[in-house]
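Student: Sharing a structure, written as structure tokens. Questions coming.
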Amino acid sequence: MAKRGGFPGGMPGNMNNLMKQAQKMQRQMEEAQKELEEKEISATAGGGAVEVTVSGKREITKIKLSEEVVDPEDIEMLEDLIMAAVNEALRQLDEFSSQSMSKITGGMGGLGGLPF
């Protein structure tokens, strides 16, 4: 009598279900990645004097400056505001990405709660 659940005749039930779940998770992650790449996030600094927009591909797509922040006597302040807005936009993008992946993996981290 053959052992139940052996590999020669096919995958055991639990392994088959695990593979289906992994394939489903992979499709969901691909969809989430596509959604992320199409996302745009904007952040401001200096009370809105500088606005930066980044794409889900982590590329800056837009920088908007208020006229009053463009002071030739204080270039350093403008540089700091641009840097702050870029960093905030990237932080928000990372947070959005983490939340998207957490929905797929059930908050269990990189392997999505797989039993190993």
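The values are calculated or read from the model by the stated rules, or taken from the named source; none is laboratory data. Owing to the predicted nature of the structure, the values given are computational and were not obtained by experimental measurement. Here Cβ is always computed from backbone atoms with ideal geometry, including for glycine, and neighbour counts include all displayed protein chains.
Student: For residues that are within 14 Å of Ala45 (Cβ to Cβ) and among the hydrophobic types (A, V, I, L, M, F, W, C), scanning just segment 71-80, find the one that is surrounded by the fewest Cβ atoms within 10 Å (Cβ to Cβ).
Tutor: Filtering first and then ranking leaves Met77.
Student: Could you please tell me which pairs satisfy a Cβ distance under 9 Å, a separation of 6+ or placement on different chains, a first residue in segment 42-53 that is of a type in the set (A, V, I, L, M), and a second residue that is in a loop (DSSP other than H, G, I, E, B) and surrounded by fewer than 19 Cβ atoms within 10 Å (Cβ to Cβ)?
Tutor: Ala49/Ser66; Val50/Ser66
Student: May I pose another question? Being charged (D, E, K, R), in a loop (DSSP other than H, G, I, E, B) and at pLDDT 90 or above is the requirement here; does Arg91 meet it? Steps first, answer last, please.
Tutor: On the way: charged (D, E, K, R): yes; in a loop (DSSP other than H, G, I, E, B): no; at pLDDT 90 or above: yes.
When the stated conditions are applied, Arg91 does not pass them.
Student: If you don't mind, another one. Only one of Met101, Met83 is surrounded by 13 or more Cβ atoms within 10 Å (Cβ to Cβ) and within 20 Å of the chain's Cα centre (by Cα). Can you tell me which? Quick ask: steps written out before the conclusion?
Tutor: Working: Met83 fails: within 20 Å of the chain's Cα centre (by Cα).
Going through Met101, Met83 in turn, the sole match is Met101.
Student: When you go through (1) at pLDDT below 90; (2) among the aliphatic types (A, V, I, L, M); (3) in a helix (DSSP H, G or I); (4) within 26 Å of the chain's Cα centre (by Cα) one by one for Met108, which number turns out not to apply?
Tutor: If we test Met108 against (1) at pLDDT below 90; (2) among the aliphatic types (A, V, I, L, M); (3) in a helix (DSSP H, G or I); (4) within 26 Å of the chain's Cα centre (by Cα), just (3) comes out false.
The rows are residues; the columns are (1) modelled with pLDDT under 90; (2) assigned to a strand (DSSP E or B); (3) closer than 23 Å to Ser102 by Cα; (4) hydroxyl-bearing (Ser, Thr, Tyr).
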{"site": "Glu31", "(1), (2), (3), (4)": "yes, no, yes, no"}
{"site": "Glu37", "(1), (2), (3), (4)": "yes, no, yes, no"}
{"site": "Ser42", "(1), (2), (3), (4)": "no, yes, yes, yes"}
{"site": "Gly47", "(1), (2), (3), (4)": "no, no, no, no"}
{"site": "Arg58", "(1), (2), (3), (4)": "no, no, yes, no"}
{"site": "Lys62", "(1), (2), (3), (4)": "no, yes, no, no"}
